[in-house]
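The values are calculated or read from the model by the stated rules, or taken from the named source; none is laboratory data. No experiment lies behind these values; they were computed from the predicted model shown. Using ideal geometry, Cβ is built from the backbone for each residue, glycine included, and neighbour counts are taken over all protein chains shown. Heads up: the accessible areas ignore ligands, DNA and RNA and are worked out on the full protein's heavy atoms, side chains in. Shrake-Rupley method; radii C 1.70, N 1.55, O 1.52, S 1.80 Å.
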Amino acid sequence: MTPAKIIVIDDNEAVLHSLRLVLKREFATVVAVGDPHLIPALVRDDDVDAVLLDMNFGKGRLDGRDGLFWLERIKQRSSLACPPAVVLITAFGDVELAVESLKRGADDFIQKPWDNDRLIAVLREAVEKHRRAADSGRTSCRQSPADSDAAAAGVGRQEESAGLGGAHDG
């Protein structure tokens, strides 16, 4: 078990339940909530390693703007020396949205339906990256634009090889 604290935010209770079941076997602390407005309180302290964040909240919202909004709020929290890693998850994403997410500071992007092994591997990597940055002694461990561009360049290849270039139900 990885000694890490993961926050999961998704407005679909069934998805939250499933993610909680999968992740609690792999990570020491998993907090799952359905309301993104709780994010500021949940990430107020430096004890959160990673956030798994849905990109669409509310009926009829499918463009990912909600997730991008909350991603920026997490990454820009001035009270945190090192904001947690953020992995975005959505059923209605495409390569363009994934690239935009990475450019704005997301650590990775997962499409629903997800593969449990890949999800766990992505979160473990995000936790490790967050901890390395926090331990490096830098005053800020926000992702640099060069890191974002390099990560974004790999998204198309990842999505194509996984056959995830289009929208999916979920």
## Note on the structure
Condition set of a type in the set (Gly, Ala, Ser) and farther than 18 Å from residue 41 by Cα, scope the range 66-102, selection nearest to the chain's Cα centre (by Cα): answer is 101
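Could you check, for the range 18-40, whether at least one of its residues is in contact with a Gly (Cβ under 7 Å, 6 or more places away or on another chain), in contact (Cβ under 8 Å) with a residue 24 or more places away in the chain and not aromatic (Phe, Trp, Tyr)? I'd like the intermediate steps shown before the answer.
If we filter the range 18-40 for residues that are in contact with a Gly (Cβ under 7 Å, 6 or more places away or on another chain), which is where we start, we get none.
Taking every residue of the range 18-40 in turn, none turns out to be in contact with a Gly (Cβ under 7 Å, 6 or more places away or on another chain), in contact (Cβ under 8 Å) with a residue 24 or more places away in the chain and not aromatic (Phe, Trp, Tyr).
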### Message
Here is a check on your reading of the model: is residue 63 open to solvent by 60 Å² or more (accessible area, probe 1.4 Å), over 20 Å from residue 104 (Cβ atoms) and assigned to a loop (DSSP other than H, G, I, E, B)?
### Response
no
## Note on the structure
The residue that is farthest from residue 111 (Cα to Cα), considering only those in the range 4-30 that are surrounded by fewer than 15 Cβ atoms within 10 Å (Cβ to Cβ), of a type in the set (A, V, I, L, M) and out of contact with any Pro (no Cβ under 6 Å at 6 or more places or on another chain), is 21
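So in the range 32-55, with the set limited to residues that are over 18 Å from residue 107 (Cβ atoms) and of a type in the set (A, V, I, L, M, F, W, C), which one is most open to solvent (accessible area, probe 1.4 Å)? Before the answer, list the steps.
The first filter runs over the range 32-55 and keeps only residues over 18 Å from residue 107 (Cβ atoms), leaving 32-35, 37-38, 40-41, 44-45.
Still in the running and of a type in the set (A, V, I, L, M, F, W, C): 32-33, 38, 41.
Details: 32: 26, 33: 24, 38: 80, 41: 54 Å².
The extreme case among them is 38.
Please tell me if residue 58 is in contact (Cβ under 8 Å) with a residue 24 or more places away in the chain, open to solvent by less than 10 Å² (accessible area, probe 1.4 Å) and closer than 19 Å to residue 16 by Cα. Working first, answer last.
Numbers: in contact (Cβ under 8 Å) with a residue 24 or more places away in the chain: yes; open to solvent by less than 10 Å² (accessible area, probe 1.4 Å): no; closer than 19 Å to residue 16 by Cα: yes.
Criteria not met by residue 58.
State whether the residues of the range 73-80 include one that is on the phi > 0 side of the Ramachandran plot and either touching a residue at least 12 places away in the same chain (Cβ under 8 Å) or open to solvent by less than 30 Å² (accessible area, probe 1.4 Å) (or both). Even if it seems obvious, please write down each step before you answer.
Residues of the range 73-80 on the phi > 0 side of the Ramachandran plot: none.
Taking every residue of the range 73-80 in turn, none turns out to be on the phi > 0 side of the Ramachandran plot and either touching a residue at least 12 places away in the same chain (Cβ under 8 Å) or open to solvent by less than 30 Å² (accessible area, probe 1.4 Å) (or both).
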